[in-house]
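Novice: Below: one structure in structure tokens.
The values are calculated or read from the model by the stated rules, or taken from the named source; none is laboratory data. Small disclaimer: the values here were computed from a predicted structure and weren't measured. Cβ: placed from backbone, ideal geometry, glycine included. Neighbour counts: every protein chain shown. We work out accessible area using only protein heavy atoms, side chains counted, and drop any ligands, DNA or RNA first. Shrake-Rupley method; radii C 1.70, N 1.55, O 1.52, S 1.80 Å.
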Amino acid sequence: MADFVIGTRGSGLALWQAHAVADALRAQDPAREVDVRVIKTTGDRILDVPLSKIGDKGLFTKEIETQLLAGDIDMCVHSMKDVPSALPEGCVLAAMLPRADARDALVCGPRLAQVGCLADVPEGARIGTGSLRRAAQLRARYPQLVPSEIRGNLDTRLAKAEGSHYEGAVLAVSGIVRMGWEDRIRSYIPIEDMIPAVGQGAVGIEARADDERTLAALADISHEPTMACVDAERIILSRLEGGCQVPLGAYIRWEGPADQQTLVLDAFVSSLDGSEMARVHMERAGIISRSDPAELAEMALEALCEQGACEIMDRVKASVGL
């Protein structure tokens, strides 16, 4: 019988993440047995409807959490950008692996062979994305482009982006790189052009709040700077009641050498068409503590609300029937 059983989705990327956690646990104790169990989620089953229209806050997590609470598995491994702001009662985010590159990337098909970045993409080009966040920022920054709905696992979306229906697609850098497909990236989109989703690039591990054995093991593999920053981003997500049905992004990170680090935050909320946008960029230098990201998130929330973020959110929710 395994010492720990990990629950995960069955995509190639999800399995990569689950096995990365399993390897980290085994590195603590080479004799430790860790199994990975694939669990199909609502988001995996419904592939012909845009994510923003399914209306379920736990599209990629709920079924896995059900088995966690039942005691069938010991932990869930998630892409943090898929995790709702509120967890089921009895569950906690116990650990995160070190965050990967949180940026988005442009992937192009053969019809855009000479294109080097989004600014070079010709007018009317169809750029695939299943994210309202990406679509709104594309419309605001590159109005000549046509964001077009694209669904499926990462390999499916890459194939579609390089096929005949789209000229390209915008996808998360972290997933492409983790799967070893970085040669497919045409350009890395700067944060100034596209703020990432909350938790993008981070792998989170969820466990039962009363499972002291699992929590102790996970504490030893958790990357605290990632935990502090993603937890703070999730404050913004929770306070604004955001999700896949609204265009919202937040990215907090430490930049610079270890002895001169600066805490940097970018966040935005916008209308679906990108015509209304509240956006903030903040930096804090000096002594860095675990509480600093949360404090900066609170400041960002205040600044966003002063720019009308709450009113924008209310209008977006009303337009999509929330």
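Novice: How do the peptides 224-230, 115-121, 20-26 rank, highest first, by the average count of neighbouring beta carbon atoms within 10 Å per residue?
Specialist: Those peptides, ordered most packed to least, come out 224-230, 20-26, 115-121.
Novice: Could you work out the helix-only [θ] at 222 nm for the chain, with each DSSP H run of four or more residues adding -39,500 (n - 2.57) and the total divided by the number of residues, to the nearest 500 deg cm²/dmol?
Specialist: -10000 deg cm²/dmol
Novice: Another question, then. Keeping all protein chains in place, calculate the accessible area per residue for the range 243-322 (probe 1.4 angstrom), answer in Å².
Specialist: 48 Å²
Novice: Pairs Lys62/Lys160; Lys40/Lys317; Lys81/Lys160: which are spaced more than 24 Å apart, C-alpha to C-alpha?
Specialist: Lys62/Lys160; Lys40/Lys317
Novice: Further, regarding this structure: Once amide H atoms are placed 1.01 Å from N in the peptide plane, what residues at a sequence separation of 5 or more from Val36, or on another chain, have their amide H within under 5 Å of its amide H?
Specialist: Hits under the 5 Å cutoff: Ile6.
Novice: Give me the dipole magnitude in Debye, nearest 20, for the range 94-133 about the Cα centre, with unit charges on the beta carbon: positive for Lys and Arg, negative for Asp and Glu.
Specialist: 140 debye
Novice: Give the peptides 192-200, 90-98 in descending order of average Cβ contacts within 10 Å, highest first.
Specialist: My ranking of the peptides, most packed first, is 192-200, 90-98.
Novice: Antiparallel as a % of all DSSP beta bridges within the chain, to the nearest 5?
Specialist: The answer is about 75 percent antiparallel.
Novice: Give me the percent of accessible area attributable to carbon and sulfur for the chain, probe 1.4 angstrom.
Specialist: 50 percent
Novice: Which entry in (i) 21.6; (ii) 20.3; (iii) 20.9 is this structure's computed Kirkwood radius over Cα pairs in Å?
Specialist: (ii)
Novice: Something else about it: Choose one of Val115, Ala70, Pro247: the residue whose Cα lies farthest towards the positive end of the charge dipole of the chain (beta-carbon charges +1 Lys, Arg; -1 Asp, Glu; about the Cα centre).
Specialist: Result: Val115, furthest along the dipole toward the positive end.
Novice: Using the Cα gyration tensor of the range 181-251, with a ≥ b ≥ c the square roots of its eigenvalues, what is the shape: rounded (a/c below 1.5), prolate (a/b larger than b/c) or oblate (neither)?
Specialist: Verdict is oblate for the range 181-251.
Novice: Taking only Cα atoms of the range 231-322, what ratio of Rg to Rh do you get with Rh as the Kirkwood inverse-distance radius?
Specialist: Taking Rh as the inverse mean 1/r over Cα pairs, Rg/Rh reads 1.03.
Novice: Then there is this: Per residue, how much accessible area does the range 100-176 show when a 1.4 Å probe rolls over the protein heavy atoms, in square angstrom?
Specialist: I get 37 Å² per residue for the range 100-176.
Novice: Show me, for the range 169-175, the HN-Hα J-couplings you get by feeding each phi into the Karplus relation (A = 6.51, B = -1.76, C = 1.60, θ = phi - 60°), rounded to Hz, glycine and proline as x.
Specialist: Karplus values, whole Hz, x for Gly and Pro: 7, 10, 9, 6, 4, 4, x.
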